[in-house]
Amino acid sequence: MIDSRDTLRHQGLRKRLTEGIRIKGIRNQQVLDAIAKVPRHLFMDSSFIQFAYKDQAFPIGSGQTISQPFTVAFQSQLLQVQPNEKVLEVGTGSGYQAAVLLEMGIKVFTIERQRELYLKAQQLLPEMGYFPKFFYGDGYKGLPTYGPFDGIIVTAGAPIIPQDLLSQLRVGGRLVIPLGPTEKQIMTVITRVDEENYKKETHGTFVFVPMLKGTEK
Ligand code: SAH
């Protein structure tokens, strides 16, 4: 990505952030390279720009947040997808997670239930050279006509496993989803073993904004 608003200073800060994330345990080089490339400050309100390269979540308007870079890296690593594979992201939000996956060479389908955020991301990402397929809708339902997906990543805390998403995974595909009540969720990976069977593993506690039903104007 070449953008005049991305200065050497930003690139330096991003290098430090990436090194911090590596030390916290992310070892997938494609993920680290993507974090080092995506200009996170351009996804945030300008009033918060000085926080862009701290490893923290931040408000993006409409009561939502841009996820913590470590969490974005952790979920991206858990997907275990290869370049050119198809990933469905639930919760476009700022579009930052989608940009990280695109830098990894993945084909990204992203769905958002809040119209304002959907419209904002749909304008911002192409300006930066990122071209996911954008959808406005309820991520609980997924995108049945575009599946099956090699991976599905949910970036909001889900109280239950959305059954529609399971059926949109290919055999061998993985659903990465924070599961639990609003206070905290357990990062869960559900792998489709064959047509009928799934296996589940867990990866520690996180706090996300809630995954809500339906859409919002
Ligand atoms: N991936 C985003 C994180 C945004 S926070 C980023 O990188 O910035 C989670 C997002 O999930 C919010 O924008 C919220 O509106 C959205 N969301 C919550 N429930 C949803 C649902 N059922 N379908 C689609 N999006 C949902």
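Things worth noting here:
- Among the residues of segment 7-32, those that are touching a helix residue (DSSP H, G or I) at 6+ places or on another chain (Cβ under 7 Å) and either free of Cβ contacts under 8 Å to residues at least 24 places away in the same chain or closer than 23 Å to residue 106 by Cβ (or both) comprise 14, 15, 17, 18, 21, 22, 24, 26, 28, 31, 32.
- If the condition is being of a type outside the set (Val, Ile, Thr) and within 16 Å of the ligand (Cβ to nearest atom), then segment 165-178 contributes 165, 166, 168, 175, 178.
- Residue list for segment 80-105, restricted to those being near the ligand (Cβ under 8 Å from one of its atoms) and on the phi > 0 side of the Ramachandran plot: 91, 93, 95
- Taking the listed residues 81, 72, 100, the one that is under 22 Å from residue 18 (Cα atoms), assigned to a loop (DSSP other than H, G, I, E, B) and touching a residue at least 24 places away in the same chain (Cβ under 8 Å) is 81, with no other qualifying.
- Check on residue 62, among the polar types (S, T, N, Q) and surrounded by 20 or more Cβ atoms within 10 Å (Cβ to Cβ): no
- Condition met for residue 70 (more than 8 Å from the ligand (Cβ to nearest atom), in contact with an Asp or Glu (Cβ under 7 Å, 6 or more places away or on another chain) and within 18 Å of residue 15 (Cα to Cα)): yes
- Of all residues in segment 184-217, none satisfies the criterion of being buried (at least 19 other Cβ atoms within 10 Å of the Cβ), assigned to a loop (DSSP other than H, G, I, E, B) and more than 12 Å from the ligand (Cβ to nearest atom).
- Out of 143, 169, sole residue that is under 23 Å from residue 73 (Cβ atoms) and touching a Phe, Trp or Tyr at 6+ places or on another chain (Cβ under 8 Å): 169
- Scanning segment 104-152 for residues that are assigned to a strand (DSSP E or B) and within 18 Å of residue 83 (Cα to Cα) gives 107, 108, 109, 110, 133, 149, 150, 151, 152.
- From the list 162, 144, 181, the lone residue that is at pLDDT 95 or above, within 10 Å of the ligand (Cβ to nearest atom) and either surrounded by 19 or more Cβ atoms within 10 Å (Cβ to Cβ) or of a type outside the set (D, E, K, R) (or both) is 162.
- Residue ID - surrounded by the most Cβ atoms within 10 Å (Cβ to Cβ), chosen from residues in segment 3-37 that are on the phi < 0 side of the Ramachandran plot, in contact with a Phe, Trp or Tyr (Cβ under 9 Å, 6 or more places away or on another chain) and assigned to a loop (DSSP other than H, G, I, E, B): 26
The values are calculated or read from the model by the stated rules, or taken from the named source; none is laboratory data. Owing to the predicted nature of the structure, the values given are computational and were not obtained by experimental measurement. All Cβ positions, even for glycine, are placed from backbone atoms using ideal geometry, and neighbour counts span all protein chains on display.
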